[in-house]
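The values are calculated or read from the model by the stated rules, or taken from the named source; none is laboratory data. Computed from a prediction, not measured in an experiment: that's the story for all the values here. Cβ placement follows ideal geometry from the backbone for every residue including glycine, while neighbour counts extend to all protein chains displayed.
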Amino acid sequence: MWKIFSLCLALLSPAFAAPKITIVVGEKAPAVEKVAATQLAHDLTALFEADVRIQTALPGGAGSTILLGSPATNPAIPADGWPRLSPQGHVLKTTPRGLIVGGGSPAATLWAVSELSYRFGIRHLLHGDVLPIAKPPFKVDGFDVLLDTKTRSRAWDGFNGQPFGLDSWSADDCDALLAQLAKLKFTHIVLPEKIAPFKPLPVDGDSAGRTAFKGAKAFANPDAAAVVAHLKVKAAELGLGVIASGPAADSLVHLGAPSSSVLPQFSLQKLAADLAGHERIVCRATMAGDLDASAHFVSRAAFDSKLTPERALADLVTPICGEGVAERLWMGFGHVEKAARLIAANDPRVGVPDTRLFLRHLESKEPLPAWITEAKTHYTAAMNEMYRGNTRARGGARPFILYHAKRLEFALHYFLALESLYKAHGAPVRADSLEAAVESTYNALNAYADVARDPSDRGVIAVLNEHGYRALRKVADRDGK
């Protein structure tokens with residue numbers, strides 16, 4: 001009985017009560033710092049069920065205090081002892097007045113908020129934030145962190161003139177992505193002068209993966225004409241600069257495929273080598289869904305030159321998935337990297353959609369290239385590692401791993417289709433092999449549809465229906481007459 005009473009008493013003690021937190025911002029704080037305060041309040045509430053208040057004066061009662069900004073923007077932060085920070089430097093420092101969360105610029109203060117949330121276990125992915133499996137204790141003491149970087153410009157470039165680039169994203173979709181890029185400490189976004197609307201692609205009737213479109217009959221971007229102007233305003237609200245033209249060649253870093261390919265081709269080890277020594281980088285990003293680990297590595301490595309890709313992946317995955325998962329993903333990513341090298345060396349356009357996407361393989365006079373089967377083997381192995389990782393994972397990040405598994409299942413079927421197209425060169429087996437290619441293309445798009453979550457995913461499915469599945473179906477039907 002005494003043990004039960006003691007347990008109940010412990011559960012009711014202040015140690016188990018929701019923390020009371022006051023976030024103090026300057027009365028004339030820049031708009032970006034007000035966004036930072038709102039973000040921090042949201043994170044603390046989500047993680048600790050905290051009672052959070054945002055105000056402009058120091059609190060007088062009990063609870064924890066967080067001072068947001070810098071002496072230049074928040075009078076509650078004493079100038080005495082404030083470190084000399086570059087515009088990108090940011091700090092977490094415990095003081096007698098409270099925990100200072102600030103930076104050398106309003107944007108850097110927003111990054112300091114993200115850094116605090118990161119150290120509490122929250123992980124910022126490109127499609128949203130994920131809470132850690134184990135809730136850590138809330139504390140404002142013991143912080144003495146100062147981060148700065150030599151990489152002064154980290155820009156995101158996702159527009160490529162394709163239905164699966166940011167060109168197909170609505171204003172709301174782009175807003176959500178920009179918010180995550182700001183949390184990931186990117187400094188700029190590359191915007192075209194205008195977006196050229198693409199011709200609507202049919203996705204009803206005989207369309208593979210049509211469940212991804214939730215009953216829509218066509219895939220298009222109705223916001224195309226207004227997105228660029230909207231994003232300029234949204235970027236400013238988040239402290240992101242805008243680059244209006246393409247970067248110099250020596251500053252361009254490919255987070256995924258170097259061409260506008262629909263295949264998974266990211267490589268963390270190559271990314272680490274590409275980042276080295278550059279003060280200004282533009283990150284070319286085709287398929288955002290593939291690039292959580294890449295974006296995370298750019299975000300962390302910019303402020304930690306000793307960070308390795310493998311440790312970065314473990315830092316990203318373990319708090320939100322549990323032990324033993326990062327190792328499976330690392331092995332899977334290794335196989336993706338080997339497939340990417342094969343593609344780069346043999347046929348960089350194998351995953352770039354056009355009207356001859358699959359037909360050129362069907363009409364080729366060459367035998368099945370060995371590298372296609374080898375790449376398929378690597379995608380199969382990578383897929384298996386992702387499914388193993390997904391089985392081991394706990395918490396809310398399992399969809400992140402399942403997405404990779406299904407994308408790799410898509411790639412597997414894609415290469416099975418290529419194999420069948422080469423086998424269809426011989427007259428005795430043409431019909432069966434061509435039908436097998438059609439079925440593999442159908443399976444690829446259905447697997448992808450299971451996890452499609454943004455316009456880039458839906459754009460791939462729409463384009464490959466147009467230039468892949470229906471094109472092959474037309475040939476098979478013609479041959480059968």
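Somewhere in segment 157-172, is a residue part of a helix (DSSP H, G or I), on the phi < 0 side of the Ramachandran plot and out of contact with any Gly (no Cβ under 9 Å at 6 or more places or on another chain)? Outline the logic, then answer.
Initial filter on segment 157-172 (part of a helix (DSSP H, G or I)): 166-168, 171-172.
With the extra rule that they be on the phi < 0 side of the Ramachandran plot, the set shrinks to 166-168, 171-172.
If we keep only those that are out of contact with any Gly (no Cβ under 9 Å at 6 or more places or on another chain) as well, we get 171-172.
Within segment 157-172, one or more residues are part of a helix (DSSP H, G or I), on the phi < 0 side of the Ramachandran plot and out of contact with any Gly (no Cβ under 9 Å at 6 or more places or on another chain).
Within segment 216-223, is even one residue in contact (Cβ under 8 Å) with a residue 40 or more places away in the chain, among the aromatic types (Phe, Trp, Tyr), buried (at least 21 other Cβ atoms within 10 Å of the Cβ) and in contact with a Phe, Trp or Tyr (Cβ under 9 Å, 6 or more places away or on another chain)? Scanning segment 216-223 turns up at least one residue that is in contact (Cβ under 8 Å) with a residue 40 or more places away in the chain, among the aromatic types (Phe, Trp, Tyr), buried (at least 21 other Cβ atoms within 10 Å of the Cβ) and in contact with a Phe, Trp or Tyr (Cβ under 9 Å, 6 or more places away or on another chain).
Residues being out of contact with any strand residue (DSSP E or B) (no Cβ under 8 Å at 6 or more places or on another chain), farther than 24 Å from residue 398 by Cβ and of a type in the set (D, E, K, R) are represented in segment 239-254 by at least one member.
Flag: residue 402 matches the condition of being assigned to a helix (DSSP H, G or I) and either out of contact with any Gly (no Cβ under 6 Å at 6 or more places or on another chain) or crowded, with 18+ Cβ neighbours inside 10 Å (or both). Against the condition buried (at least 18 other Cβ atoms within 10 Å of the Cβ) and farther than 23 Å from residue 465 by Cα, how does residue 386 come out, does it pass? For residue 386, the condition - buried (at least 18 other Cβ atoms within 10 Å of the Cβ) and farther than 23 Å from residue 465 by Cα - is met. Considering 36, 29, 41, 15, the condition of being at pLDDT below 95 and of a type outside the set (Asp, Glu) is satisfied by 15 alone. When we screen 167, 129 for residues that are closer than 27 Å to residue 70 by Cα, acidic (Asp, Glu), in contact (Cβ under 8 Å) with a residue 12 or more places away in the chain and touching a helix residue (DSSP H, G or I) at 6+ places or on another chain (Cβ under 9 Å), the only hit is 129.
Here residue 281 meets the list (1) in a helix (DSSP H, G or I); (2) at pLDDT below 95 almost entirely, failing just condition (1). Of the numbered criteria (1) assigned by TED's automatic domain parsing to the domain that holds residue 282; (2) assigned to a loop (DSSP other than H, G, I, E, B); (3) within 30 Å of residue 92 (Cα to Cα); (4) free of Cβ contacts under 8 Å to residues at least 24 places away in the same chain, the one residue 185 fails is (4).
Only one entry of 253, 242, 262 meets the criterion of being closer than 19 Å to residue 176 by Cβ and either at pLDDT below 95 or not in a helix (DSSP H, G or I) (or both), and that entry is 242.
To keep it simple, each residue is scored yes or no on (1) acidic (Asp, Glu); (2) in contact (Cβ under 8 Å) with a residue 12 or more places away in the chain.
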residue	(1), (2)
417	no, yes
420	no, yes
426	no, no
435	yes, yes
443	no, yes
449	no, yes
461	no, yes
470	no, yes
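Out of everything in segment 205-225 that is over 24 Å from the mean Cα position of the chain (by Cα) and of a type in the set (Gly, Ala, Ser), what residue ends up being farthest from residue 40 (Cα to Cα)? Top of the filtered list is 205. Scanning segment 44-69 for residues that are out of contact with any Leu (no Cβ under 8 Å at 6 or more places or on another chain), closer than 21 Å to residue 143 by Cβ and not in a strand (DSSP E or B) yields 44, 45, 48, 58, 59, 62, 63, 69. When segment 133-147 is filtered for residues that are of a type in the set (A, V, I, L, M, F, W, C), surrounded by 12 or more Cβ atoms within 10 Å (Cβ to Cβ) and either in a loop (DSSP other than H, G, I, E, B) or free of Cβ contacts under 8 Å to residues at least 12 places away in the same chain (or both), the ones remaining, listed by number, are 133, 138, 140, 143. The test for being assigned to a helix (DSSP H, G or I) and more than 18 Å from residue 263 (Cα to Cα) does not hold for residue 418.
Kindly indicate whether residue 50 is within 17 Å of residue 122 (Cβ to Cβ) and modelled with pLDDT of 95 or more. Let's see the steps before the verdict.
Numbers: within 17 Å of residue 122 (Cβ to Cβ): yes; modelled with pLDDT of 95 or more: yes.
For residue 50, the condition - within 17 Å of residue 122 (Cβ to Cβ) and modelled with pLDDT of 95 or more - is met.
Restricted to segment 405-436, and to residues there that are among the aliphatic types (A, V, I, L, M) and more than 31 Å from the chain's Cα centre (by Cα), the residue that is surrounded by the most Cβ atoms within 10 Å (Cβ to Cβ) is 421.
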